[in-house]
């Protein structure tokens, strides 16, 4: 094998729990910290790579990394073809459709008259698939951040966003119209690597699976 | 990697995902094509060429958004073919409806698929493959497997394994589930989502021990297959054994049982296989038994086949240092008197020497020998004069 097993870790909210999980199954991850400038860290037989969550799926799909830990939300939005092997159960959040508390009835009335709703989101793919499944005609407005403000400034009627506690929605006077899907962190693998490097990957899958089941 | 083929300013370039294949690469692809098609033909497969464009309304192995489609002048929706297997299924149903016995067909041809922008994906690439239509059973499965292994070996590929699974074995793991639930579970597995598949199975009433059994069976690879009971697992082992009898190869362990293999396409019914290489993040080739596809065209018949993704094979070969066997060198003949030059070039070519009159701006990795005209039957190389026959012998 030409290089060590490469394991991609999502920076940000999932990093602490990911490291805790890997530490719990016996990997020395003390050399990896969120503020370290080194993005590639070798520990034992594994080379860890930190990357933006949305890039993890791309790394693993294309075989630049063999395995990774990333949220189901990222996988849903990217549609990358990777193997989802274990539900690690941390990083729980959910995709929801939300609207201004007072405006739900009015926007449904508008929908009847105008035939289409405007939906602002950072997750156009998830949003589009959801509304297509529900048979609701929408125009997706893609924004890069602070989607909660979109209804207040008249950019969109509704939003599709990822929420953990719902505090941000409440602070912006938004109510959940419906839930789209829950999300937790997943252990993923590149399809070809899962075959070729099974000997290295299988123990990780087994141990992380037992670790997740015991929580 | 920098995107190729994107428009920049006013300079026209091919559309996204399409690109020029220049001579160095084209020569290498020709060498791969030769090795593959010669092996196909050694197993009795006959070449065929379906059209580039098919009706879009019919059966397709890919979802509509993966097709490159357009409206014909008469208003019918047509698509550039996304694969050859579907075209062959249509063609066999139409043109060989009454044929009995074994049809052995092969191809080497470009296919076209819509890809999202900015992922570095090509929308046109060559596929090489075969379809064996008619026979079912282990000998036919083993033939397809052995032919795939031998084709890749003859093309020069080393270090790859062929992972061999069985869709029937995976299906039987979920046989206690209601049919609609089982279909959903299998769809999740085809999408690579084991988490989702087992969640659905649990929601569908599958017991924890049964789920644990399914999980460990799916993880069986290599010798692990010996622990798996049932006819499907036995069949899988026999197919690999027979295939290795047909083609030994330099690595006798080229075929590896692997029950986690679930191709994305839904029409497979039995043995399935994928070629993986440690240096390439995607499978190089894939195939299997698909007894249901021809039925979709109204002519149910068993079939087994495979398709090799030629650019990925090229990538793996190139990465391992492979270069095509060098052809005879080209003699770049600096012209003298036009009539004498023309006659000399004709004589040289008649003796089997490749001659380009004047310079060679694109040697494409081939050796170029500079020569000057002496007279109608002699050239000078490095100041030394040779006759046509002497040069032909020297370069042979």
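The values are calculated or read from the model by the stated rules, or taken from the named source; none is laboratory data. What you are looking at is a predicted structure, and each value in this text was computed from that prediction instead of being measured. Ideal geometry is used to build each Cβ from the backbone, glycine not excepted, and the neighbour counts take in all protein chains shown.
The set of residues in region A:1-45 being within 14 Å of chain B (Cβ to nearest Cβ) and touching a residue at least 40 places away in the same chain (Cβ under 8 Å) consists of A:1, A:3, A:4, A:5, A:6, A:8. Kindly provide the set of residues from region B:286-295 that are in contact (Cβ under 8 Å) with a residue 40 or more places away in the chain and over 12 Å from residue B:265 (Cβ atoms), ordered by number. Correct list: B:289, B:291, B:294. Of all the residues in region B:287-296, those that are buried (at least 19 other Cβ atoms within 10 Å of the Cβ) and not in a helix (DSSP H, G or I) number 4.
Per the conditions (1) away from chain A (no Cβ under 14 Å); (2) in contact (Cβ under 8 Å) with a residue 24 or more places away in the chain, the sole criterion not satisfied by residue B:279 is (1).
Evaluating residue A:99 against the criteria (1) more than 12 Å from every other protein chain (Cβ to nearest Cβ); (2) modelled with pLDDT of 95 or more; (3) in a strand (DSSP E or B) leaves one unmet condition, (2).
Looking across B:274, B:238, one residue alone is within 30 Å of residue B:42 (Cβ to Cβ), facing chain A (nearest Cβ under 10 Å) and at pLDDT 95 or above. It is B:274. Among the residues of region B:306-315, the ones that are crowded, with 24+ Cβ neighbours inside 10 Å and either assigned to a strand (DSSP E or B) or within 12 Å of another protein chain (Cβ to nearest Cβ) (or both) come to 2 in all. Considering only residues that are within 25 Å of residue B:31 (Cα to Cα), touching a helix residue (DSSP H, G or I) at 6+ places or on another chain (Cβ under 7 Å) and in a loop (DSSP other than H, G, I, E, B), which ones fall in region B:340-396? Those that are within 25 Å of residue B:31 (Cα to Cα), touching a helix residue (DSSP H, G or I) at 6+ places or on another chain (Cβ under 7 Å) and in a loop (DSSP other than H, G, I, E, B): B:351, B:352, B:353, B:362, B:364, B:365.
Within region A:150-194, being in contact with a helix residue (DSSP H, G or I) (Cβ under 9 Å, 6 or more places away or on another chain) and at the interface with chain B (Cβ under 10 Å from one of its Cβ atoms) holds for A:184, A:186, A:187, A:188, A:189, A:190, A:191, A:193, A:194.
Modelled with pLDDT of 95 or more, out of contact with any helix residue (DSSP H, G or I) (no Cβ under 7 Å at 6 or more places or on another chain) and within 29 Å of residue A:141 (Cβ to Cβ): is that true of residue A:104 in this structure? It is false that residue A:104 is modelled with pLDDT of 95 or more, out of contact with any helix residue (DSSP H, G or I) (no Cβ under 7 Å at 6 or more places or on another chain) and within 29 Å of residue A:141 (Cβ to Cβ).
All conditions in (1) modelled with pLDDT of 90 or more; (2) over 22 Å from the mean Cα position of the chain (by Cα) hold for residue A:137, with the sole exception of (1).
Can you confirm whether region A:198-211 contains a residue that is in a loop (DSSP other than H, G, I, E, B) and either within 14 Å of chain B (Cβ to nearest Cβ) or surrounded by 13 or more Cβ atoms within 10 Å (Cβ to Cβ) (or both)? Among the residues of region A:198-211, not one is in a loop (DSSP other than H, G, I, E, B) and either within 14 Å of chain B (Cβ to nearest Cβ) or surrounded by 13 or more Cβ atoms within 10 Å (Cβ to Cβ) (or both), which makes the answer no. The set of residues in region B:241-270 being in contact with a strand residue (DSSP E or B) (Cβ under 8 Å, 6 or more places away or on another chain), within 14 Å of chain A (Cβ to nearest Cβ) and closer than 24 Å to residue B:292 by Cα consists of B:257, B:258, B:259, B:260, B:261, B:262, B:263. Taken over region A:110-137, residues that are within 23 Å of residue A:149 (Cβ to Cβ) and surrounded by fewer than 14 Cβ atoms within 10 Å (Cβ to Cβ) amount to 2.
Of the residues screened, residue B:173 is not one that is more than 14 Å from chain A (Cβ to nearest Cβ), within 27 Å of residue B:282 (Cβ to Cβ) and surrounded by fewer than 21 Cβ atoms within 10 Å (Cβ to Cβ).
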